[in-house]
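The values are calculated or read from the model by the stated rules, or taken from the named source; none is laboratory data. Keep in mind that this is a model prediction, so the values were computed, not measured. As a convention, Cβ positions derive from the backbone with ideal geometry for all residues, glycine included, and neighbour counts pool all protein chains shown.
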Amino acid sequence: MAPAMSDADLQFDQAEFDAPPQLPTSCGACGGTLRDVFWVEDRRYALCDSCKAERESAGGFSVAGLAKAFAFGTVAAIVCGGLWGIVGGITGFNIGLIAILAGAGVAFGVMLGAGRGGIVYQLLAAVLTYFAIVFNEAVSAGWMTYFDDGGSAFEALFMIVVGTPIMLVALIPLTISSGGFISLLIYGFAIFQAIQMTGGRKPVFEGPFAAGNA
């Protein structure tokens, strides 16, 4: 049995409070020291006055966000386009409906890197989705060169490396000349979907709050 609590164990003369929350000391965008006041963007980032004004006018755009969006979106485009090309190489068909999944994958990568949408990220998603479509064609050609035509691994890799920049320019003319208008419509829808998914919204700012360095 636990010992009985005596009056000496009860302390009413000293109140205990939780430690006050730590205020941010640096701007989440430029890294500078927060002076006087700061703003909170989307309840995630503490911003100084100048960065708040810049991001508000640019719809949440930042160089760091663009760099991350480009990195994540490029990886997504390579993975989606590569897998799509392998499926095409195995089946012998360019399954255009996979373009819609590729567009969604690219948009997801861009949004994951940027953390928000906006016109800049929409343009990036459109370009990277087109790259995924082109990369799919090059990978499919390289796959068939190696597995169907008996080419070497070097020839297949050469087909992918050289074919990708060529197809960036030649994809639309070649698709039109071969009568692939339905494919063009599907490609266009995939790009449109990527643009829609990265539209995002304007950031919400709260504040101003007194900075910890005030």
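For the structure I just gave you, tell me whether Gly118 is in contact (Cβ under 8 Å) with a residue 12 or more places away in the chain and in contact with a Phe, Trp or Tyr (Cβ under 6 Å, 6 or more places away or on another chain).
yes
Can you pull out the residues in the range 149-168 that are without any contact (Cβ under 8 Å) to a residue 24 or more places away in the chain and not β-branched (Val, Ile, Thr)?
Asp149, Gly150, Gly151, Ser152, Ala153, Phe154, Glu155, Ala156, Leu157, Phe158, Met159, Pro165
Restricting the range 99-113 to residues that are in contact (Cβ under 8 Å) with a residue 60 or more places away in the chain and surrounded by 23 or more Cβ atoms within 10 Å (Cβ to Cβ), which is farthest from Gly73 (Cα to Cα)?
By that ranking, first place goes to Ala99.
For the range 165-210, which positions are part of a loop (DSSP other than H, G, I, E, B) and either modelled with pLDDT under 90 or in contact with a strand residue (DSSP E or B) (Cβ under 7 Å, 6 or more places away or on another chain) (or both)?
Ser178, Gly179, Gly180, Gly199, Gly200, Arg201, Lys202, Pro203, Val204
Please find, among Leu185, Leu171, the residue that is surrounded by 13 or more Cβ atoms within 10 Å (Cβ to Cβ) and without any contact (Cβ under 8 Å) to a residue 60 or more places away in the chain.
Just a single option satisfies the conditions, and that option is Leu171.
For the range 47-55, state whether one or more residues are crowded, with 17+ Cβ neighbours inside 10 Å, under 18 Å from the mean Cα position of the chain (by Cα), under 30 Å from Ala211 (Cα atoms) and of a type in the set (A, V, I, L, M).
no
So Gly85 passes all but one of these: (1) surrounded by fewer than 24 Cβ atoms within 10 Å (Cβ to Cβ); (2) of a type outside the set (D, E, K, R); (3) over 12 Å from the mean Cα position of the chain (by Cα). Which condition number does it fail?
(1)
State whether one or more residues within the range 127-147 are within 20 Å of Pro203 (Cβ to Cβ) and not charged (D, E, K, R).
There is no residue in the range 127-147 that is within 20 Å of Pro203 (Cβ to Cβ) and not charged (D, E, K, R).
For the range 61-80, which residues satisfy the criterion of being modelled with pLDDT of 95 or more, of a type in the set (Gly, Ala, Ser) and over 9 Å from the mean Cα position of the chain (by Cα)?
Ala77
On the given criteria, is Val161 in a helix (DSSP H, G or I) and surrounded by 20 or more Cβ atoms within 10 Å (Cβ to Cβ)?
no
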